[in-house]
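This report refers to the structure that appears directly beneath it.
The values are calculated or read from the model by the stated rules, or taken from the named source; none is laboratory data. The structure presented is a predicted model; accordingly, all values stated were derived computationally and were not measured. Heads up, the Cβs are rebuilt from the backbone with ideal geometry, glycines too, and the neighbour counts pull from every protein chain shown. Protein only, heavy atoms only, side chains kept; ligands, DNA and RNA dropped before computing areas. Shrake-Rupley method; radii C 1.70, N 1.55, O 1.52, S 1.80 Å.
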Amino acid sequence: MNLSNATIELLRTRRSAPPVALAGQGPTAEERELLLTLAARVPDHGKLVPFRFIVFEGPGRDKAGEIIAEVFAAAHPEASAADLAKERKRLAQAPLVVAVVSRVASHVKVPEWEQVLCAGAVCFNLEIAANALGFASIWLTEWFAYDRTVLARFGLAEHEKIAGFIHIGHNAGPREDRVRPQFSEIVTQFGI
């Protein structure tokens, strides 16, 4: 049995990179299509496709930032210019940001939880695919992922939610690993 191959090494060494550290050229149109195609290859009980994508790149990132800053300013009239500038940059730091939208449907055999997990799997598949193509990434939500005003202006229906914003770019610097749980702390064997 081969305990080391390219896939194993990718999973073993994958690290998130903060959005501020993601720069350079983003994925080409061909790479983006491949990334989203691979991200969508997840277990999907009932073939419901309980997810969709919103792509933020180029001027779309700035337009999204204006929406986020506008909603933030309405909720926080005391916000400073620096606060609003920070909000405007939320989706503008990485060259590509993909929102994975969870869109649960009522189904007699497929519970809501399974559909939500499917959208979560899409988020991680997208991260893995991006890393496999040589990009760095991070999966975030932040406050605006839960704000119905922002979501409506991004085109989400009332029943849709953000599973995650996947920020994708290049990161030349080293990324430190976080402390990982000990195997013995997270694994139990049933029946022993």
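Quick check, is PRO77 surrounded by fewer than 17 Cβ atoms within 10 Å (Cβ to Cβ), modelled with pLDDT of 95 or more and of a type outside the set (Phe, Trp, Tyr)? Please lay out each step first, then the result.
On the way: surrounded by fewer than 17 Cβ atoms within 10 Å (Cβ to Cβ): yes; modelled with pLDDT of 95 or more: yes; of a type outside the set (Phe, Trp, Tyr): yes.
It is true that PRO77 is surrounded by fewer than 17 Cβ atoms within 10 Å (Cβ to Cβ), modelled with pLDDT of 95 or more and of a type outside the set (Phe, Trp, Tyr).
Could you please tell me which pairs satisfy a Cβ distance under 8 Å, a separation of 6+ or placement on different chains, a first residue in the stretch 60-77 that is over 15 Å from PRO95 (Cβ atoms) and in a helix (DSSP H, G or I), and a second residue that is open to solvent by less than 30 Å² (accessible area, probe 1.4 Å) and of a type in the set (A, V, I, L, M)?
Going by the 8 Å Cβ cut-off, the qualifying pairs are ILE67/VAL150; ILE68/LEU91; ILE68/VAL150; VAL71/VAL150; PHE72/ALA79; ALA73/ALA79.
For the stretch 36-59, enumerate the residues that are outside any strand (DSSP E or B) and in contact with a Leu (Cβ under 6 Å, 6 or more places away or on another chain).
To start, the set of residues in the stretch 36-59 that are outside any strand (DSSP E or B) comprises 36-50, 58-59.
Scanning the stretch 36-59 gives a single hit, ALA39.
If I go through the stretch 40-62 residue by residue, how many of them are of a type outside the set (Phe, Trp, Tyr), open to solvent by less than 70 Å² (accessible area, probe 1.4 Å) and within 24 Å of LYS86 (Cα to Cα)?
Looking only at the stretch 40-62, we keep the residues that are of a type outside the set (Phe, Trp, Tyr), and these are 40-50, 52, 54-55, 57-62.
Among the residues that remain, those that are also open to solvent by less than 70 Å² (accessible area, probe 1.4 Å) are: 40, 42, 44, 46, 48-50, 52, 54-55, 57-58, 60-61.
From what's left, within 24 Å of LYS86 (Cα to Cα): 54-55, 57-58, 60-61.
Qualifying residue count, the stretch 40-62: 6.
Does at least one position in the stretch 146-154 carry a residue that is open to solvent by 90 Å² or more (accessible area, probe 1.4 Å), touching a Ser or Thr at 6+ places or on another chain (Cβ under 6 Å) and under 25 Å from GLY60 (Cα atoms)? Can you show your working first?
Initial filter on the stretch 146-154 (open to solvent by 90 Å² or more (accessible area, probe 1.4 Å)): 146, 153.
The next check asks that each one be touching a Ser or Thr at 6+ places or on another chain (Cβ under 6 Å); those that pass are none.
No: zero hits.
With respect to VAL150, determine if the residue is over 22 Å from GLU33 (Cα atoms) and out of contact with any Pro (no Cβ under 9 Å at 6 or more places or on another chain). So that I can check it myself, show each step before the final result.
Numbers: over 22 Å from GLU33 (Cα atoms): yes; out of contact with any Pro (no Cβ under 9 Å at 6 or more places or on another chain): yes.
When the stated conditions are applied, VAL150 passes them.
So, LEU84, is that one touching a strand residue (DSSP E or B) at 6+ places or on another chain (Cβ under 9 Å) and assigned to a helix (DSSP H, G or I) or not? Let's see the steps before the verdict.
Working: touching a strand residue (DSSP E or B) at 6+ places or on another chain (Cβ under 9 Å): no; assigned to a helix (DSSP H, G or I): yes.
When the stated conditions are applied, LEU84 does not pass them.
Just for the stretch 125-143: of the residues that are closer than 18 Å to ARG52 by Cα and not aliphatic (A, V, I, L, M), which one is least open to solvent (accessible area, probe 1.4 Å)?
Only one residue tops the list, namely GLU127.
I'd like the residue in the stretch 10-39 that is open to solvent by 60 Å² or more (accessible area, probe 1.4 Å) and at pLDDT below 95 and, out of all such residues, is nearest to ARG88 (Cα to Cα).
VAL20
Restricting to the stretch 96-108, count the residues that are surrounded by fewer than 20 Cβ atoms within 10 Å (Cβ to Cβ) and not β-branched (Val, Ile, Thr). Spell out the reasoning first.
In the first step, residues of the stretch 96-108 are kept if they are surrounded by fewer than 20 Cβ atoms within 10 Å (Cβ to Cβ); the result is 103, 105-108.
From what is left, the residues that are not β-branched (Val, Ile, Thr) are 103, 105-107.
Count: 4.
Could you look through the stretch 155-192, keep only residues that are within 18 Å of the chain's Cα centre (by Cα) and β-branched (Val, Ile, Thr), and pick out the one that is surrounded by the fewest Cβ atoms within 10 Å (Cβ to Cβ)?
ILE162
What is the number of the single condition among (1) assigned to a loop (DSSP other than H, G, I, E, B); (2) surrounded by fewer than 17 Cβ atoms within 10 Å (Cβ to Cβ) that GLN93 does not meet?
With (1) assigned to a loop (DSSP other than H, G, I, E, B); (2) surrounded by fewer than 17 Cβ atoms within 10 Å (Cβ to Cβ) applied to GLN93, the lone miss is (2).
Which residues, counting only those in the stretch 22-52, are aliphatic (A, V, I, L, M) and out of contact with any helix residue (DSSP H, G or I) (no Cβ under 8 Å at 6 or more places or on another chain)? Lay out the reasoning, then the answer.
Taking the stretch 22-52 as the starting set, the residues that turn out to be aliphatic (A, V, I, L, M) are 22-23, 29, 34-36, 38-40, 42, 48-49.
The answer is LEU22, ALA23, ALA29, VAL49.
I'd like the residue in the stretch 96-122 that is free of Cβ contacts under 8 Å to residues at least 60 places away in the same chain and not small (Gly, Ala, Ser) and, out of all such residues, is nearest to ARG61 (Cα to Cα). Write out each step before concluding.
Residues of the stretch 96-122 that are free of Cβ contacts under 8 Å to residues at least 60 places away in the same chain, as a first pass: 103-106, 108, 111-113, 117, 120.
From what's left, not small (Gly, Ala, Ser): 103-104, 108, 111-113, 117.
On the way: ARG103: 22, VAL104: 26, VAL108: 38, PRO111: 34, GLU112: 31, TRP113: 30, LEU117: 27 Å.
The selected residue is ARG103.
Can you name every one of the helices (runs of 4 or more DSSP H) wholly within the stretch 103-192 that holds 3 or more residues which are at pLDDT 95 or above and of a type in the set (Gly, Ala, Ser)? Can you show your working first?
Working: elements: 112-132, 148-153, 183-186.
The qualifying helices (runs of 4 or more DSSP H) are 112-132.
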